[in-house]
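Peer 1: The structure under discussion is supplied below as structure tokens; questions concerning it will follow.
The values are calculated or read from the model by the stated rules, or taken from the named source; none is laboratory data. What you see is a predicted model, and the numbers here were worked out from it, not measured in a lab. Glycine gets a Cβ as well: all are built from the backbone with ideal geometry, and neighbour counts include every protein chain shown. These accessible areas exclude ligands, DNA and RNA; they are computed on the full protein's heavy atoms, side chains included. Shrake-Rupley method; radii C 1.70, N 1.55, O 1.52, S 1.80 Å.
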Amino acid sequence: QVQLVESGGGLVQPGGSLRLSCAAPGSSFSTYAMAWYRQAPGKQREVVASITHGGDTTYKRSVKGRFTISKDNTKNTMYLQMNSLKPEDTAVYYCNHLQWPLLPWGQGTQVTVSS
């Protein structure tokens, strides 16, 4: 079964940094735009950042300038570098295709920003 595996989350103080990783099928990176999503308690899952198979990136306005999405096609891995973290960034972070067809969701990785 196709699997998405997210890692790299943790507890960090406001202003701190984390780097998330997403292992995905190689065909995803070469064919589809990929995205990082997040879901905070009681809220809907939202797209945080996306990257096309050609490398073009887009960001949610609230994270622009603080987060950087990237990928390494040779490792079938996508990254999200998160700097200047804020308490409102607290959520479970997931990766997946940006659009249909979505893959089965992974377990996500918890990011908690708190002092």
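Peer 1: Working only within the range 69-84, note down all residues that are open to solvent by less than 40 Å² (accessible area, probe 1.4 Å) and not aliphatic (A, V, I, L, M).
Peer 2: Listed by number, the residues that qualify are Thr77, Tyr79.
Peer 1: Considering only residues that are small (Gly, Ala, Ser) and either open to solvent by 30 Å² or more (accessible area, probe 1.4 Å) or assigned to a loop (DSSP other than H, G, I, E, B) (or both), which ones fall in the range 27-43?
Peer 2: Result: Ser27, Ser30, Ala33, Ala40, Gly42.
Peer 1: Among the candidates Gly16, Gly55, which residue alone is of a type in the set (Gly, Ala, Ser), assigned to a loop (DSSP other than H, G, I, E, B) and at pLDDT 95 or above? First the steps, then the outcome.
Peer 2: Values: Gly55 fails: at pLDDT 95 or above.
Going through Gly16, Gly55 in turn, just one is of a type in the set (Gly, Ala, Ser), assigned to a loop (DSSP other than H, G, I, E, B) and at pLDDT 95 or above: Gly16.
Peer 1: Turning to a different aspect of this structure: Scan the strands (runs of 3 or more DSSP E) fully inside the range 73-115 and keep the ones with 2 or more residues being closer than 17 Å to Pro14 by Cα and among the charged types (D, E, K, R). Explain how you work it out, then say what you get.
Peer 2: Values: elements: 77-82, 91-97, 109-113.
Answer list for the range 73-115: none.
Peer 1: Still on this model: I'm trying to understand the selection: among the residues of the range 3-13, which are open to solvent by less than 50 Å² (accessible area, probe 1.4 Å) and not in a loop (DSSP other than H, G, I, E, B)?
Peer 2: Going through the range 3-13, the residues open to solvent by less than 50 Å² (accessible area, probe 1.4 Å) turn out to be 4, 6, 8-10, 12.
Within the range 3-13, Glu6, Gly10, Val12 meet the criteria.
Peer 1: Related question: Are there any pairs with C-beta distances below 8 angstrom linking a residue in the range 19-38 that is aliphatic (A, V, I, L, M) to a residue that is in a helix (DSSP H, G or I), with the two at least 6 apart or on different chains, and if so which?
Peer 2: Met34/Ser28
Peer 1: Same structure, new question: Go through the range 85-102 and report how many residues are of a type outside the set (A, V, I, L, M), under 21 Å from Ile51 (Cα atoms) and surrounded by fewer than 17 Cβ atoms within 10 Å (Cβ to Cβ). Before the answer, list the steps.
Peer 2: Residues of the range 85-102 that are of a type outside the set (A, V, I, L, M), as a first pass: 86-90, 93-97, 99-101.
Next, from what is left, pick out any that are under 21 Å from Ile51 (Cα atoms): 89, 93-97, 99-101.
With surrounded by fewer than 17 Cβ atoms within 10 Å (Cβ to Cβ) added as a condition, the list becomes 99-101.
Adding up the residues that qualify gives 3.
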